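Note sheet for the following structure.
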Amino acid sequence: MNNIIVLSKDFAANESAVVDLRSGGFTNSLKALTFHNKTGQSAKFLWQGDTIYNKEKAGYFKEINNDLGVKVSQYEGFITVTNGGGEQYLEGQLKL
């Protein structure tokens with residue numbers, strides 16, 4: 001399983017960032033998305049592909065645990081990461 005850092009950023013409270021997975025060719029092999037901050041807290045989201053229409057490109061990231069208050073949404077190869085209510089540095093890794 002490969003891990004690729006897709007985000008490394010200092011976030012303000014409630015700030016969002018968009019990550020383009022499509023241009024990197026990562027949309028066909030998504031497994032999980034994890035985030036860590038500098039204090040050791042983390043969040044994990046598992047990819048839930050749509051088995052009826054298109055498992056690789058349609059689906060969502062299901063929240064497994066979330067100590068960070070991070071929200072993740074996906075649309076056609078782009079993910080939007082929204083930070084919770086406090087300032088923090090976040091590093092996001094995509095597991096393929």
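General observations
- Positions within the stretch 38-53 being surrounded by 12 or more Cβ atoms within 10 Å (Cβ to Cβ) and not acidic (Asp, Glu), in sequence order: GLN41, SER42, ALA43, LYS44, PHE45, LEU46, TRP47, GLN48, GLY49
- Screening ASN2 with (1) buried (at least 16 other Cβ atoms within 10 Å of the Cβ); (2) of a type outside the set (Val, Ile, Thr); (3) touching a residue at least 40 places away in the same chain (Cβ under 8 Å) gives one miss only, at (1).
- Among the residues of the stretch 57-96, the one identified as under 15 Å from VAL18 (Cα atoms), among the acidic types (Asp, Glu) and out of contact with any strand residue (DSSP E or B) (no Cβ under 6 Å at 6 or more places or on another chain) is GLU76.
- Meets criteria (more than 13 Å from LYS95 (Cβ to Cβ), of a type in the set (A, V, I, L, M) and free of Cβ contacts under 8 Å to residues at least 24 places away in the same chain) for ALA12: no
Quick note: the coordinates plus some simple rules give every number you see, no bench work behind them. This structure is a prediction, so every number in the text was calculated from the model and none was measured. Methodologically, a virtual Cβ is constructed for each residue, glycine included, from the backbone with ideal geometry; neighbour enumeration extends over all protein chains shown.
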